[in-house]
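These notes concern the structure reproduced below.
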Amino acid sequence: MSAPFLISPAGQDPIILETHINSSIERVFQAWTTVEDILKWFGAKPLSSAEVDLRVGGRWAFRYDGEDGSYEMLKGEYVDIRPCERLVFTWTHEAVQPGEALKVTPQSEVTVTFTPTEQGTTIRLVHAAIQRESGRLGVGAGWSASFQGLAAWLKSSEV
């Protein structure tokens, strides 16, 4: 999977991505913080469920279910919330394959900044403290897929 929005060297810490979305900063921030919106655009494959408790110390969790009984969870806690400006949250990835033990990545941290422009919103995402290079490579591609999904979904929902 490619990572077209990656601006940091592939596989290095931190992972830095940037994109521009032709939607208002209010709409883009809402898309990042509302379950109904997140379910429409987040990730390289459709989410099975999402939970968001949008407050400092509040938890978030996104789940993918596989047809074979496997599942993956992305989850964490909000550290800083500045509406239409910045989100900071912790990040942990859990995965279960049938017949295997739960695999959990060490916690990392994501900072998303939103900057208004005349044409819409610039999003800069910094995902830091991912311990393994393979994880950093996968996260860069995953965030790129999410950026593509967000742009496409907002464009179609504003028509």
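A short reminder: the numbers here are calculations on the coordinates, not readings from a lab. Just so you know, these numbers come straight off a predicted model, no measurement behind them. Quick reminder, even Gly has a Cβ in these numbers, built from the backbone with ideal geometry, and neighbours come from all protein chains shown.
Annotations for the structure displayed:
- Candidates Val79, Val56 - the one that is assigned to a loop (DSSP other than H, G, I, E, B), more than 26 Å from Pro46 (Cβ to Cβ) and not acidic (Asp, Glu): Val56
- With respect to (1) crowded, with 17+ Cβ neighbours inside 10 Å; (2) under 20 Å from Leu150 (Cα atoms), the lone exception for Arg63 is condition (1).
- Filter result for Thr19 (among the hydroxyl-bearing types (Ser, Thr, Tyr) and out of contact with any helix residue (DSSP H, G or I) (no Cβ under 7 Å at 6 or more places or on another chain)): no
- Every condition in (1) touching a strand residue (DSSP E or B) at 6+ places or on another chain (Cβ under 7 Å); (2) of a type in the set (D, E, K, R); (3) within 23 Å of Pro4 (Cα to Cα) holds for Glu85 except the one numbered (3).
- Odd one out for Phe62 among (1) assigned to a helix (DSSP H, G or I); (2) under 24 Å from Leu6 (Cβ atoms): (1)
- Hits in region 141-159 (condition: in a helix (DSSP H, G or I) and either in contact with a Gly (Cβ under 8 Å, 6 or more places away or on another chain) or closer than 15 Å to Gln30 by Cα (or both)): Gly142, Ala145, Ser146, Phe147, Gly149, Leu150, Ala151, Trp153, Leu154, Lys155, Ser157
Quick grid of which residues meet (1) more than 26 Å from Gly69 (Cα to Cα); (2) without any contact (Cβ under 8 Å) to a residue 24 or more places away in the chain; (3) of a type in the set (A, V, I, L, M):
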residue: Pro116; (1), (2), (3): yes, no, no
residue: Gly120; (1), (2), (3): yes, no, no
residue: Ile123; (1), (2), (3): yes, no, yes
residue: Ala129; (1), (2), (3): yes, no, yes
residue: Leu137; (1), (2), (3): no, no, yes
residue: Ala152; (1), (2), (3): yes, no, yes
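- Members of region 111-159 found to be touching a helix residue (DSSP H, G or I) at 6+ places or on another chain (Cβ under 6 Å), surrounded by fewer than 19 Cβ atoms within 10 Å (Cβ to Cβ) and under 18 Å from Cys84 (Cβ atoms), listed by number: Pro116
- Boolean, Ser70 is at negative phi and over 16 Å from the mean Cα position of the chain (by Cα): yes
- Enumeration of residues in region 1-43 that are surrounded by 15 or more Cβ atoms within 10 Å (Cβ to Cβ), under 22 Å from Ala129 (Cα atoms) and within 16 Å of the chain's Cα centre (by Cα): Ala3, Phe5, Leu6, Pro14, Ile15, Ile16, Leu17, Glu18, Thr19, Trp32, Phe42, Gly43
- First in region 73-87 and in contact (Cβ under 8 Å) with a residue 12 or more places away in the chain, second anywhere and among the basic types (Lys, Arg) and assigned to a strand (DSSP E or B), Cβ under 6 Å, 6 or more apart: Met73/Arg63; Glu77/Arg59
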